[in-house]
Every structure is written in C-alpha cells, then in structure tokens.
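Following: one structure in structure tokens, then a few remarks.
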Amino acid sequence: MIDEILKDAGVRMDKSIEALKQTLSKVRTGRAHPSLLDHLMVDYYGSDVPISQVANIGVEDARTLTVTPWEKTMVQPIEKSILKSDLGLNPATAGTVIRIPMPPLTEETRRDLVKVVRNDGEATKVAIRNIRRDANSDFKDLLKEKDISEDEERKAQDDIQKLTDSHVAAVDKVLAGKEAELMEI
C-alpha cells in the first residue's frame, strides 16, 4: 500500500518535470528550433490546427527557421499566425517558403526571460510539494485506519521527502541549464 502511494507520487512528480521541460522549450533563446512554433495555431478551413499539421518546420541556420506549407493557400494564414503570436517574430515570405529570422536578444530581454523561467520552475516545485502533501495525507489516513503502524508512517514520510528532494533538485538542474542557455550570447 505504501509502495503504491510512493510509486504514484514519483510518477506524478516525473510528469511535473516533463511539463516544465515542455514549457521551457517554448521560451525563446535566440537560437532557432522548430519547437518554438509548436503552440501556434493556424486557421485551416474553419478550424484551428497546430502549425506542424499544415506545414513542415525546419531550421535553415542557427538563427533562421523555415516553414514550408503543404498547400500554397496556407502561406497567408501561417504568416498571420506567426505575426499575431507572442514571440515577436517577423516572417518573410518568398514564394511558398516562409523564413523566420530570430532577432538577437538584448540583455534586458534575457533577464526578463530568466525571471519567466524561474517562475515556471517555482510553480513546478509547488506542484511537486503538493504531490508530497497528498501522499503524506494518504499515509495519515492509513495510520488512522490502523492499516500501518506509526513507524511505517514515519518511514514512508521520510521516503516521500527524499523523493521530493530529488525531484526539486532535478527542477533546479533543468532551470540552471535553461538560464545558462538564455544568458549565453
């Protein structure tokens, strides 16, 4: 019973870290990478679909993305979607290929992005601590129902704390990597 709770908590904490990595991959670092456009939606015959379902996204060089729509009629909607996004990018269309140059980040912009990254990291740490709280609550319920002894409950709480500490350290490592990536010129 305790092992199941610990295992479930570990899985949920792993998912929190994966969600953080997914979120951080969308934060612009000045380097071009296709995942930058993953969250953009394009109007495709009346319904909003991810840009990756209507076009091929590639990297031309370190500072340029290329978007090649599968249908010529999709060039305008894709360009409009990129312009309206919160990324601050200006696409340049040449025929059916849309080139998106990545402007270099200023020092101030980098610092603002680091703050955003830290806030995301703190939210993930809070989520991990909430998972720990839920697990500890489950342990207390088991103790009340006399399914486990006080010693087993104390050991289980120590185990969940160790699990929490290791996941918080993993979040710190992910954040440190992203911050270093943002601050490099």
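Bear in mind these aren't lab numbers, they're just calculated from the coordinates by the rules spelled out. Everything numeric in this text was worked out from a predicted model, so none of it was measured. A quick note on method: Cβ atoms are made from the backbone with ideal geometry, for glycine too, and the neighbour counts reach across all protein chains shown.
Figures for the structure shown
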quantity: Nearby lysines by direct alpha-carbon distance to K144 (threshold 18 angstrom, same-chain neighbours under 8 apart not counted); calculated: K155
quantity: Relative contact order computed over segment 1-158 (Cα-Cα under 8 Å; 6+ residues apart), in percent; calculated: 22
quantity: Entries in K7/K162; K26/K115; K125/K173; K7/K125; K84/K173 that, when Cα-Cα distance is taken, lie over 23 Å; calculated: K84/K173
quantity: Share of Cα-Cα pairs in segment 34-101 lying beyond 20 Å, as whole percent; calculated: 15
quantity: Low-density loop cleavage sites - chymotrypsin sites (Phe, Trp or Tyr not before Pro) in segment 1-108, where at most 11 other Cβ are within 10 Å (DSSP); calculated: Y45, W70
